[in-house]
1. Scan the range 189-208 for residues that are more than 18 Å from V42 (Cα to Cα) and either at pLDDT below 95 or in contact with a Leu (Cβ under 7 Å, 6 or more places away or on another chain) (or both) and jot them down.
2. Could you grab the pairs with beta carbons closer than 8 Å, sequence gap of 6+ or different chains, first residue in the range 50-73 and among the hydrophobic types (A, V, I, L, M, F, W, C), second one exposed (fewer than 12 other Cβ atoms within 10 Å of the Cβ) and assigned to a helix (DSSP H, G or I)?
3. Quick check: is even one residue across the range 135-142 among the hydrophobic types (A, V, I, L, M, F, W, C), crowded, with 17+ Cβ neighbours inside 10 Å and touching a strand residue (DSSP E or B) at 6+ places or on another chain (Cβ under 6 Å)?
4. So which pairs qualify, if the first residue must be in the range 93-105 and closer than 16 Å to G72 by Cα, the second must be among the polar types (S, T, N, Q), the Cβ gap must be under 8 Å, and the two must be at least 6 apart or on different chains?
5. Of the residues in the range 66-91, how many are out of contact with any strand residue (DSSP E or B) (no Cβ under 9 Å at 6 or more places or on another chain) and either among the hydrophobic types (A, V, I, L, M, F, W, C) or surrounded by 15 or more Cβ atoms within 10 Å (Cβ to Cβ) (or both)?
6. Taking the residues in the range 174-207 that are part of a strand (DSSP E or B) and touching a helix residue (DSSP H, G or I) at 6+ places or on another chain (Cβ under 7 Å) as candidates, determine which candidate is surrounded by the most Cβ atoms within 10 Å (Cβ to Cβ).
7. In this structure, is A218 buried (at least 18 other Cβ atoms within 10 Å of the Cβ), within 30 Å of A88 (Cα to Cα) and either hydrophobic (A, V, I, L, M, F, W, C) or assigned by TED's automatic domain parsing to the domain that holds A56 (or both)?
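The values are calculated or read from the model by the stated rules, or taken from the named source; none is laboratory data. Treat the numbers as computed from the prediction; the structure is a model and nothing was measured. Cβ coordinates were reconstructed from backbone atoms using ideal geometry, including for glycine residues, and neighbour counts include every protein chain displayed.
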Amino acid sequence: MTKDNVCVVRDLMRSLAACLVAIALIGTTTAAQRRERPLMPVDDAVKQPEFFTFRARLQSAVARHDVEAVVGMSSPGIRQSFGGDGGAASWRRVLSAPNSTLFGDLAEALALGGTFTSADQFVAPYVYSTWPEDIDAFSYVAIVGDRVAVRAEPSARSALVTTLSYALVPVGSAGEKDGMTEVQLADGRRGFVASRFLRSSVGHRALFSKANGQWQLAAFVAGD
């Protein structure tokens, strides 16, 4: 092999090595970009002390399962669905039902903060009020915790796949099993998360409004 040929081969090898390094860097960058979309918690209630105090009193009544106190802090025409259900009498009846889960549902919604849509309206939880318009509310759920474990199988003793904090993830095809729900990660892997750390945008939400200078719970609905 001539000296010129040696130089050509050497240059080709250097070019090949540079290409391989570039490909590796691109792969690393792509992997690094495969991150779940965040949905960070927000609670604007502190911006209006009057509403913050009202919500605190409502949360206390909910914790006590005080039906009359909750009804008294609600609108006379409070909506409970997108159909014909509504009004104080119906609200009192469903809250008083022996098998009702509404106190727990309402407590969870209020605990997750929310945002003002105007000076006289507040919506909770933040998972509903700040949900991105380009994310399908029926196929995605929000992780509502910090460093939530994602397990290989639907068991708290299963191998840890990763952890997620306040992120949006698609629901996996396996759905829920033994209190855990399958989710799909941005890198294509799948795992199971304790369902208590997941929240749907179309789950229960509370809508508050100010009428005659007083805050009240105007609606507590679920669905779309």
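1. Residue satisfying the conditions is G191 alone.
2. Listed pairs, sorted by first residue: F52/V46.
3. yes
4. Pairs that qualify, where the first residue is closer than 16 Å to G72 by Cα and the partner is among the polar types (S, T, N, Q), are V94/Q80; V94/S100.
5. 4
6. Going residue by residue through the range 174-207, those that are part of a strand (DSSP E or B) are 174-177, 180-184, 190-194, 198-199, 205-207.
Checking which are touching a helix residue (DSSP H, G or I) at 6+ places or on another chain (Cβ under 7 Å) leaves us with 176, 180-181, 199, 205-206.
Numbers: E176: 15, M180: 25, T181: 22, R199: 22, R205: 22, A206: 23.
Among those residues, the one meeting the criterion is M180.
7. On the way: buried (at least 18 other Cβ atoms within 10 Å of the Cβ): yes; within 30 Å of A88 (Cα to Cα): yes; either hydrophobic (A, V, I, L, M, F, W, C) or assigned by TED's automatic domain parsing to the domain that holds A56 (or both): yes.
Yes, satisfied.
Condition check ((1) of a type in the set (A, V, I, L, M); (2) free of Cβ contacts under 8 Å to residues at least 24 places away in the same chain) across all residues:
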{"site": "V144", "(1), (2)": "yes, no"}
{"site": "A149", "(1), (2)": "yes, no"}
{"site": "T162", "(1), (2)": "no, no"}
{"site": "P170", "(1), (2)": "no, no"}
{"site": "A174", "(1), (2)": "yes, yes"}
{"site": "A194", "(1), (2)": "yes, no"}
{"site": "L198", "(1), (2)": "yes, no"}
